[in-house]
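Everything on this sheet refers to the single structure shown next.
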Amino acid sequence: MMDSPPILAAEYVTKRFRKDSGLFARGEDVTALDDVGIVLAAGETLALVGESGSGKSTLARVLMRLVRADDGRVLFRGTDIARLRGADLMAFRRAVQMVFQDPFASLNPRLSVGRIVAEPLAIHGIGDRAERRKRVAAALESVGLAAADAGRAPHAFSGGQRQRIAIARALIAEPEAIVLDEPMSALDVTVQRQILGLLNDLKVSHRLAYLFITHDLGVARALADRVAVMHRGHIVETGAAEAVFGSPVDPYTARLLAAIPVLGAGRRTGGAP
C-alpha cells in the first residue's frame with residue numbers, strides 16, 4: 001500500500017515583493033522566499049526556525065493561501081492549493097488552521113469569546129446554535145478555560161489566556177494541522193512553558209500536525225519532531241530534531257544554536273497565563 005500524501009508540501013516556492021525606493025522610483029523586487037521546499041506529515045510537529053526577516057511568516061502565509069507564490073506550488077494532500085475551488089477550498093480551509101503571533105491583535109475586540117471561537121463553525125456551516133454552544137464550551141475547556149468564559153470580551157483576559165482562545169478557535173473545526181506563527185513571542189517565560197505543555201497535550205488528544213514557526217530554538221527543541229532552518233529565504237537544513245540540535249550540518253544552524261540556547265528568548269510581558 002502506498003503512503004498517503006503529506007498534509008502540506010511546498011515545492012520550489014518563490015515569493016518576491018516590490019520594494020519602493022521613492023515617490024518616482026520604479027522600485028525593485030525583494031525575494032522573501034527562494035526555491036523553498038518543506039513537507040508536513042500527518043501527526044508530526046515540524047518547527048520552522050530562523051531569525052526575524054528570514055521568510056518564515058511569508059512561507060506560512062503562502063502555505064495558507066493568504067499570499068500567492070510567484071513560482072512553485074503548495075500541495076494539500078497532493079493537490080495544488082492554487083487550483084482549489086468551492087467545496088475543495090473549504091475543505092482545505094477547515095483542515096488547516098492558523099494561530100497568529102499576537103493574541104492582542106488576532107481576536108476581534110468587538111466580539112465575545114464565544115462568537116470568536118465559534119466563527120469557524122459559522123463559516124463552514126457546522127451545527128445549529130445549540131450544537132455550536134456545546135462545541136465552544138468543549139473547545140474552551142480543552143485549552144484550560146471555562147465554558148462560562150464564552151460570554152466575556154477578549155480584553156478581560158491576559159496574553160496567555162488570549163492565546164488559549166486563539167488555539168480554541170483553531171481547534172473547533174477539528175483540523176488535521178495547525179500553523180502556529182511565533183505564538184510564544186508575546187508571552188513571558190512561565191506562560192510559554194504552559195502553552196507548550198498545552199500544545200503537546202492537544203497534539204496527542206486531537207491527533208494534530210503542527211507547523212510551528214519560531215526564532216527560539218529552545219521552544220523548537222521542546223516541541224518538534226523535525227526541524228527546518230530558514231536563512232534569507234532559503235531552507236538551509238532539514239532533519240530530525242535530535243539530529244539538527246545534536247549535530248548541525250549548516251554553519252548558520254550552528255550559529256543559531258550558539259546564540260539562542262534556552263527556552264524563552266521572547267520578550268517578557270508579564271500577566272497571568
Of LEU75, LEU107, which residue is touching a residue at least 12 places away in the same chain (Cβ under 8 Å) and within 16 Å of LEU40 (Cα to Cα)?
-> LEU75
Residue match in the stretch 102-111 (condition: under 26 Å from ALA150 (Cα atoms), out of contact with any Phe, Trp or Tyr (no Cβ under 7 Å at 6 or more places or on another chain) and polar (S, T, N, Q)) | yes
For the stretch 115-147, how many residues are farther than 23 Å from GLY197 by Cα, surrounded by fewer than 21 Cβ atoms within 10 Å (Cβ to Cβ) and among the small types (Gly, Ala, Ser)?
-> 4
How many residues are among the aliphatic types (A, V, I, L, M) and either closer than 11 Å to GLN192 by Cα or in contact with a His (Cβ under 9 Å, 6 or more places away or on another chain) (or both) when one looks only at the stretch 157-171?
-> 1
Test: residue in the stretch 163-184 that is buried (at least 18 other Cβ atoms within 10 Å of the Cβ), in a loop (DSSP other than H, G, I, E, B) and among the acidic types (Asp, Glu) = yes
What are the residues in the stretch 185-233 that are among the polar types (S, T, N, Q) and not in a strand (DSSP E or B), if any?
-> SER185, THR190, GLN192, GLN194, ASN200, SER205
Please determine, by comparing only the residues of the stretch 56-69 that are assigned to a helix (DSSP H, G or I) and aliphatic (A, V, I, L, M), which one is surrounded by the fewest Cβ atoms within 10 Å (Cβ to Cβ).
-> ALA60
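Let's see how each residue does on (1) at pLDDT 95 or above; (2) among the polar types (S, T, N, Q); (3) surrounded by fewer than 22 Cβ atoms within 10 Å (Cβ to Cβ); (4) touching a helix residue (DSSP H, G or I) at 6+ places or on another chain (Cβ under 9 Å):
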{"residue": "LEU23", "(1), (2), (3), (4)": "no, no, yes, no"}
{"residue": "VAL30", "(1), (2), (3), (4)": "no, no, yes, no"}
{"residue": "LEU33", "(1), (2), (3), (4)": "yes, no, no, yes"}
{"residue": "VAL36", "(1), (2), (3), (4)": "yes, no, no, yes"}
{"residue": "LEU40", "(1), (2), (3), (4)": "yes, no, no, yes"}
{"residue": "ALA47", "(1), (2), (3), (4)": "yes, no, no, yes"}
{"residue": "SER54", "(1), (2), (3), (4)": "no, yes, no, no"}
{"residue": "ASP71", "(1), (2), (3), (4)": "yes, no, yes, no"}
{"residue": "LEU75", "(1), (2), (3), (4)": "yes, no, yes, yes"}
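The values are calculated or read from the model by the stated rules, or taken from the named source; none is laboratory data. Worth saying up front: this structure is predicted, and the values here are computed from it rather than measured. Because the Cβ atoms are built from the backbone with ideal geometry, glycine has one as well, and the counts that use them run over all protein chains shown.
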